[in-house]
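Beneath this line is the structure, given in structure tokens, with notes to follow.
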Amino acid sequence: MTLEPSTTRRLDHRLATAQRDARLPSVVAGVVRGGSLAWSGAVGTVDGRSGGRAPDADTQYRMGSITKTFVAVCVLRLRDAGRLDLTDRFGVHVPGSPLDGVTVEQLLTHAAGVQAETSGPWWERTPGGGWAELAGSGVAQRFRAGRRFHYTNVGYGALGRLLEVHHGAGWFDVVRSELLDPLGMTRTTTRPSGSAAPGLAVHPFADVLLPEPEHDAGAMAPAGQLWTTVADLARWATFLGGDTADLLSADTLAEMVEPHHVVDEPGRPWTGAHGLGWQVWNVDGVRSAGHGGSMPGFLASLRVRLGATESGGGDGVVLLTNTTAAGPALRDLAGQLLSDLAESEPPAVAPWSASGDPALLELVGTWHWGPSTEVARAVGDHLVLGEPGSGRGSRFRRVSADLWEGLDSYYAGEPLRVVRRADGTVSHLDLATFRFTRTPYDPGADVPGGVDELGWR
């Protein structure tokens with residue numbers, strides 16, 4: 001899609017201001033809407049010097065830890081193929097390491113308690129060895145598995161090894177054949193190729209630069225090795241937004257962005273969590289998912305809003321820059337670009353039309369759980385009882401003629417059964433054993449525990 005000129009000017013200005021204020025040698029960014037790259041911008045020069053070569057949407061930068069999301073999707077594809085279970089111990093698949101007892105899910109969600117970094121030299125700036133060397137380096141757990149969120153690069157080195165054992169190929173060969181090639185992401189590689197920006201550090205007190213080293217991280221590569229472009233990373237953003245090209249089911253993608261463990265930072269409210277490989281944020285009630293990336297010489301960000309299209313669901317931003325560290329001017333840039341897009345061009349609103357199912361009229365209206373009152377509505381294909389997000393309000397999807405399944409909060413996954421009288425009319429709703437009747441404690445609706453025979457008094 002094409003954005004209005006006023007929107008692109010606003011986005012261009014936002015990016016240029018951040019490049020100046022954060023002193024970024026170069027920065028490239030893009031916003032995604034409607035399943036495609038709607039805008040991309042670039043500011044600075046790849047070598048950080050006046051008159052140097054300007055980057056564009058095909059210039060490679062190191063994506064850092066966004067690499068982990070590709071590894072995670074490949075692990076979930078193994079699960080969906082029946083080749084492993086998320087509750088499996090890692091040692092069942094890759095035996096003989098100190099990580100034998102943690103589960104695959106705990107590694108994916110950074111809840112295995114595994115140490116954050118390697119026991120050897122700073123792995124991000126020194127060449128890495130193979131899995132045997134990493135596993136034998138004294139890797140350990142800092143916390144009991146399952147106790148808390150503790151980000152671990154080592155854990156994703158282990159998951160990369162899991163892919164290699166199952167596929168009999170290198171982890172990147174798996175990512176390339178299963179994800180990159182089918183998605184047309186030909187500019188995503190393990191080492192810089194073609195037009196690429198060098199990794200740079202900017203002195204904190206002077207406008208001078210220092211080149212950062214580039215190398216193969218070996219067994220740690222699955223934690224942050226990949227290089228990519230704005231154009232390629234935008235395709236990955238549309239994948240997260242739901243356009244998976246049938247490489248991953250919608251149910252599995254939704255499972256991956258469920259918050260599994262909150263990121264607990266003392267003194268600060270919870271706004272972030274981690275799912276199965278994806279970071280998840282809930283800021284002022286707006287949910288988004290993605291991942292950040294950091295390697296010496298590079299910072300990266302990918303973020304996609306979750307939810308309905310009319311509320312900005314599917315809108316995304318990708319950001320790549322070649323600097324080792326940056327302050328607040330860069331930290332909030334991804335969210336600011338998303339907000340600029342939403343404010344300048346609110347998502348299209350689909351017109352209402354009468355497309356409901358008249359057969360659901362027997363289920364809508366007022367219901368009572370004991371003396372409390374709830375209202376059921378038919379919204380699209382869902383039956384909605386109460387207000388989702390408030391109390392026990394939930395949406396339900398139809399499983400069979402008189403069986404529905406909860407989708408939200410307390411009733412997620414729980415059965416709602418429509419109970420009928422002998423003449424076929426609806427008597428009551430049985431929701432996870434709770435009786436919902438048309439009148440409070442209807443004595444004719446088989447209320448558990450019975451109804452006092454003298455009735456209300």
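The values are calculated or read from the model by the stated rules, or taken from the named source; none is laboratory data. Bear in mind that the values here come from a model prediction, so they are computed numbers and not experimental data. Quick reminder, even Gly has a Cβ in these numbers, built from the backbone with ideal geometry, and neighbours come from all protein chains shown.
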When only residues in the stretch 47-61 that are out of contact with any Phe, Trp or Tyr (no Cβ under 9 Å at 6 or more places or on another chain) and buried (at least 17 other Cβ atoms within 10 Å of the Cβ) count, which is farthest from residue 17 (Cα to Cα)? 59
Tell me, please, whether a residue that is crowded, with 24+ Cβ neighbours inside 10 Å, of a type in the set (A, V, I, L, M), under 18 Å from the mean Cα position of the chain (by Cα) and part of a helix (DSSP H, G or I) can be found in the stretch 95-104. yes
Take the residues in the stretch 350-393 that are among the acidic types (Asp, Glu) and in contact with a Gly (Cβ under 9 Å, 6 or more places away or on another chain), then tell me which one is farthest from residue 411 (Cα to Cα). 374
Can you pull out the residues in the stretch 107-151 that are touching a residue at least 12 places away in the same chain (Cβ under 8 Å) and either assigned to a helix (DSSP H, G or I) or not assigned by TED's automatic domain parsing to the domain that holds residue 224 (or both)? 107, 108, 123, 124, 125, 131, 133, 134, 135
Restricting to the stretch 206-237, name every residue that is under 17 Å from residue 29 (Cβ atoms) and touching a helix residue (DSSP H, G or I) at 6+ places or on another chain (Cβ under 9 Å). 228, 232, 233, 235, 236
Quick one: what pairs do we get from the stretch 152-173, first residue in the same structural domain as residue 226 (by TED's automatic domain parsing) and closer than 12 Å to residue 67 by Cα, second modelled with pLDDT of 95 or more and of a type in the set (Phe, Trp, Tyr), C-beta under 6 Å, 6+ apart or different chains? 160/171
Kindly indicate whether residue 340 is of a type in the set (Asp, Glu) and within 28 Å of residue 34 (Cα to Cα). yes
Looking for whichever is in the same structural domain as residue 161 (by TED's automatic domain parsing), over 23 Å from residue 146 (Cβ atoms) and out of contact with any Ser or Thr (no Cβ under 6 Å at 6 or more places or on another chain) here; the options are 57, 18. Which one fits? 18
Just for the stretch 318-337: of the residues that are assigned to a helix (DSSP H, G or I) and out of contact with any Lys or Arg (no Cβ under 9 Å at 6 or more places or on another chain), which one is surrounded by the fewest Cβ atoms within 10 Å (Cβ to Cβ)? 328
Being farther than 30 Å from residue 296 by Cα and modelled with pLDDT of 95 or more narrows it down to one of 354, 348, 359, 376, so name that one. 376
